[in-house]
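Asker: Let me begin by handing over the structure; questions about it come next.
The values are calculated or read from the model by the stated rules, or taken from the named source; none is laboratory data. Since the structure is predicted, the reported quantities are computational estimates derived from the model, not experimental observations. Note that we place each Cβ from the backbone using ideal geometry, even for glycine, and neighbour counts take in every protein chain shown.
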Amino acid sequence: MLLFLLPIFVFCAAADAKKSSAPAVFSYAELSTLYEQKALSPTLEEKLHNLLTTPFVDNSYRSASPALLSQSPALGEFLRVAQWNIERGLEYEAIAAIFGSEAEFTALLSADEFPSGSDERQRALEQAAMLRAADVIVLNEVDLGMKRTNYRNTAAELAARLKMNYAFGVQFVELSPVHLSQENTADGAPEKELAEIIKVDPSRYKGLHGTAILSRFPLENVRLVPFRNQPYDWYQSEKNGVSFLEKGRRKIAGKVFLEKTLREVRRGGRTTLLADIADARFPNGRVTIAATHLENRTKSANRVKQLKELLDLVKESRHPVVFAGDMNTSSSDFTPTSLRRELAKRYGNPVYWIRMGIGYMLGFGLIEDTVLDGLTFWRTQSDPTVCEVPFLMPNSERKFFSTLENFRFDDGGAFDFRGDANRSHNNRGKTLANSNERGGKGFVNTYRVTRPIKFVGKYKLDWIFVKPADLKKPNDEEGSYRFAPHFGRTFAEVNEVVPDRISDHRPLTIDLPLLEPPLDENKKRD
């Protein structure tokens, strides 16, 4: 596409800290044209380009005094950053309750699943409290004007509810619902019911999906930069058809309609949303937040290409950088999931179809129950940073992490790869433990299929990486820890407070001390 062949500077549509700005969105008629016509008119092409390179920004929540930040004996005053792939925001009310107030969140807790006085309830309450204290929130898979999420502007509504500023960047314009709403369906009852479920309201449908940053600080220098390297064509490849369904064993009427339903025909591609927050307390007075979502339908090597583009964007930064998002470090060309969740993600909750159609159609059961064996798979999905043993134990994701570890900013700064027992959750050390929680075997997983089998179907896909104030070597335990990541956490219980969980991804947090922290070997986190 012409959009991704333009020089990178063309993409950098910056927005300063003015109160609000937004690109023009498409009418329903224009969305229909975007689906039907591969080659667009110059007017539509320009409008699409602007939408995919211009962020929505709202800095309504300003304050004459500095934002109050959290403090602890171990870290002193610190900035907390959270990251969460919210799976479209299908469980928006639960997400808003978690970040909103203790009372709202407590009301969600089932007396059966989280009984009073139980460890599970206490952990869920603690995790929600930690998320509420976040000063910056990075969200992946955020909808604007999609039926599956009640046509809400997810980022704007959540930001207003939390009294935070926000930026939203469009990755994709979702076109399949527009096409399917206009298509005549077969006479079979399942297809008719599904057609009613996915039919959209032309006056409300905007079809936008992307990444958001919420902040207690005004957002400055906001930029939306699509990757030049787009290894999967979400428009043409999806429009051509989903090959695994074409090969599957189907026994019900309307199989062509089902195959079309499971497609995600989109315009756009993977991108990075960048924004600065400024405060005299920050090192050099500024922090850059880079929120991204790398491609899942491709090889690991292509995610490395996208990573290198992102690093070029922040290379000149002489202040701290926080790089967060769903990196899709699964060592696979796709993320395992179920047809049930795929239908729910795209079109809401087609209960009849889920219960009556899927198992009969496939015969062999859900995709997520097809497991992969072997030591290589086990060790890379629990820790995608492990070294590669050529031929014997390959690790296609290793290049991603070595690229980050070897990268140097123009000022000589490096990303923090340290893992100190006394600066990581549960006193676990090893690579990246300070910024991303480790468990008994590798990292605590951030993504799970609906029914994982032991270690299979659990992945560490979501990450937070930090360039601190003054770190020249990524593993220098004698170096400065000012604005370095501490006590990285991945939260499980808080994500399980609704049936079938809030998201297929778990939320993460890190704490960044504004000054050299008082923590030493004899102190533990308060």
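Asker: Only one residue in D420, D462 is under 23 Å from L294 (Cα atoms) and either of a type in the set (V, I, T) or at pLDDT 95 or above (or both). Which one?
Answerer: On the way: D420 fails: under 23 Å from L294 (Cα atoms).
Exactly one residue qualifies, and that residue is D462.
Asker: For region 411-431, enumerate the residues that are assigned to a helix (DSSP H, G or I), in contact (Cβ under 8 Å) with a residue 60 or more places away in the chain and at positive phi.
Answerer: Listed by number, the list holds a single entry, N427.
Asker: If you don't mind, there's one more thing I want to ask. Please work out which one of (1) of a type in the set (S, T, Y); (2) in contact with a strand residue (DSSP E or B) (Cβ under 9 Å, 6 or more places away or on another chain); (3) over 30 Å from L180 (Cβ atoms); (4) at pLDDT 95 or above is the condition Y61 fails and give its number.
Answerer: It fails just one condition, (4).
Asker: Please name all residue pairs, on different chains or six or more residues apart, with Cβ atoms under 9 Å, provided the first residue is in region 290-313 and is closer than 18 Å to N395 by Cβ and the second residue is modelled with pLDDT of 95 or more and β-branched (V, I, T).
Answerer: Taking only residues 6 or more apart or on different chains, the pairs are V304/T403; L307/T292; L307/T403.
Asker: Now for a separate question. Which ones in region 113-131 are of a type outside the set (F, W, Y), crowded, with 19+ Cβ neighbours inside 10 Å and in contact with a helix residue (DSSP H, G or I) (Cβ under 7 Å, 6 or more places away or on another chain)?
Answerer: A124, Q127, A128, L131
Asker: Further, regarding this structure: Can you find, within region 499-524, the residue that is surrounded by the fewest Cβ atoms within 10 Å (Cβ to Cβ) among those that are over 30 Å from R408 (Cβ atoms) and either modelled with pLDDT under 95 or out of contact with any helix residue (DSSP H, G or I) (no Cβ under 9 Å at 6 or more places or on another chain) (or both)?
Answerer: Taking the candidates together, the pick is N522.
Asker: On the given criteria, is A67 without any contact (Cβ under 8 Å) to a residue 40 or more places away in the chain and not in a strand (DSSP E or B)?
Answerer: no
Asker: Quick one: in region 35-58, which of the residues that are polar (S, T, N, Q) and surrounded by 14 or more Cβ atoms within 10 Å (Cβ to Cβ) is nearest to P226 (Cα to Cα)? Please lay out each step first, then the result.
Answerer: Taking region 35-58 and keeping what is polar (S, T, N, Q), we get 37, 41, 43, 50, 53-54.
After this cut, where a residue has to be surrounded by 14 or more Cβ atoms within 10 Å (Cβ to Cβ) as well, the list is 53-54.
Working: T53: 7, T54: 10 Å.
Among those residues, the one meeting the criterion is T53.
Asker: Of the conditions (1) surrounded by fewer than 24 Cβ atoms within 10 Å (Cβ to Cβ); (2) out of contact with any helix residue (DSSP H, G or I) (no Cβ under 8 Å at 6 or more places or on another chain); (3) not in a loop (DSSP other than H, G, I, E, B), K458 satisfies every one except a single condition; which number is it?
Answerer: (2)
Asker: Just one of R448, R423 is basic (K, R), under 30 Å from E104 (Cα atoms) and surrounded by 18 or more Cβ atoms within 10 Å (Cβ to Cβ); which is it?
Answerer: Going through R448, R423 in turn, just one is basic (K, R), under 30 Å from E104 (Cα atoms) and surrounded by 18 or more Cβ atoms within 10 Å (Cβ to Cβ): R448.
Asker: Is it the case that some residue within region 104-121 is aromatic (F, W, Y) and more than 23 Å from the chain's Cα centre (by Cα)? Steps first, please.
Answerer: As a first pass, look at region 104-121 and keep what is aromatic (F, W, Y): 105, 114.
If we keep only those that are more than 23 Å from the chain's Cα centre (by Cα) as well, we get 114.
For region 104-121, residues aromatic (F, W, Y) and more than 23 Å from the chain's Cα centre (by Cα): present.
Asker: Now, a different point. Does any residue of region 202-217 turn out to be over 19 Å from Q171 (Cβ atoms), modelled with pLDDT under 95 and not hydroxyl-bearing (S, T, Y)? Steps first, answer last, please.
Answerer: So the first thing to find is which residues in region 202-217 are over 19 Å from Q171 (Cβ atoms), and the list is 202-204, 215-217.
From the residues that got through so far, the ones that are modelled with pLDDT under 95 too are none.
No.
Asker: I would also like to ask the following. Looking at this structure, is F168 under 16 Å from A492 (Cα atoms), buried (at least 17 other Cβ atoms within 10 Å of the Cβ) and aromatic (F, W, Y)?
Answerer: So F168 fails the test.
Asker: Since V371 meets every condition but one in (1) at pLDDT 75 or above; (2) under 17 Å from S330 (Cα atoms), which condition does it not meet?
Answerer: (1)
Asker: Considering only region 86-102, I want to know if a residue exists there that is at pLDDT 95 or above, outside any strand (DSSP E or B) and over 24 Å from the mean Cα position of the chain (by Cα).
Answerer: Yes, region 86-102 has at least one match.
Asker: In region 122-163, what residues are touching a residue at least 60 places away in the same chain (Cβ under 8 Å), farther than 20 Å from F491 by Cα, under 19 Å from the mean Cα position of the chain (by Cα) and outside any helix (DSSP H, G or I)?
Answerer: Within region 122-163, D143, L144, G145, M146, R152 qualify.
Asker: Here is a follow-up. Is it the case that some residue within region 69-85 is aromatic (F, W, Y), surrounded by 19 or more Cβ atoms within 10 Å (Cβ to Cβ), closer than 21 Å to L273 by Cα and within 20 Å of the chain's Cα centre (by Cα)? Before the answer, list the steps.
Answerer: First, the residues of region 69-85 that are aromatic (F, W, Y): 78, 84.
Adding the requirement that they be surrounded by 19 or more Cβ atoms within 10 Å (Cβ to Cβ) leaves 78, 84.
The next check asks that each one be closer than 21 Å to L273 by Cα; those that pass are 84.
Retained after the next criterion (residues that are within 20 Å of the chain's Cα centre (by Cα)): 84.
Yes, region 69-85 contains a residue that is aromatic (F, W, Y), surrounded by 19 or more Cβ atoms within 10 Å (Cβ to Cβ), closer than 21 Å to L273 by Cα and within 20 Å of the chain's Cα centre (by Cα).
Asker: Among strands (runs of 3 or more DSSP E) lying entirely in region 265-320, which contain 3 or more residues that are out of contact with any Gly (no Cβ under 9 Å at 6 or more places or on another chain) and at pLDDT 95 or above?
Answerer: Correct list: 271-278, 286-293.
Asker: Within region 23-34, work out how many residues are surrounded by 16 or more Cβ atoms within 10 Å (Cβ to Cβ) and not in a helix (DSSP H, G or I).
Answerer: Residues flagged as surrounded by 16 or more Cβ atoms within 10 Å (Cβ to Cβ) and not in a helix (DSSP H, G or I) within region 23-34 amount to 3.
Asker: Could you say whether any residue in region 174-185 is modelled with pLDDT of 95 or more, touching a helix residue (DSSP H, G or I) at 6+ places or on another chain (Cβ under 7 Å) and of a type outside the set (G, A, S)?
Answerer: Here is the first cut: in region 174-185, the ones modelled with pLDDT of 95 or more are 174-175.
Checking the rest, the ones that are also touching a helix residue (DSSP H, G or I) at 6+ places or on another chain (Cβ under 7 Å) come to 175.
From the residues that got through so far, the ones that are of a type outside the set (G, A, S) too are 175.
Yes.
Asker: State yes or no: is E77 part of a strand (DSSP E or B) and at pLDDT 95 or above?
Answerer: Details: part of a strand (DSSP E or B): yes; at pLDDT 95 or above: yes.
Yes: the conditions hold for E77.
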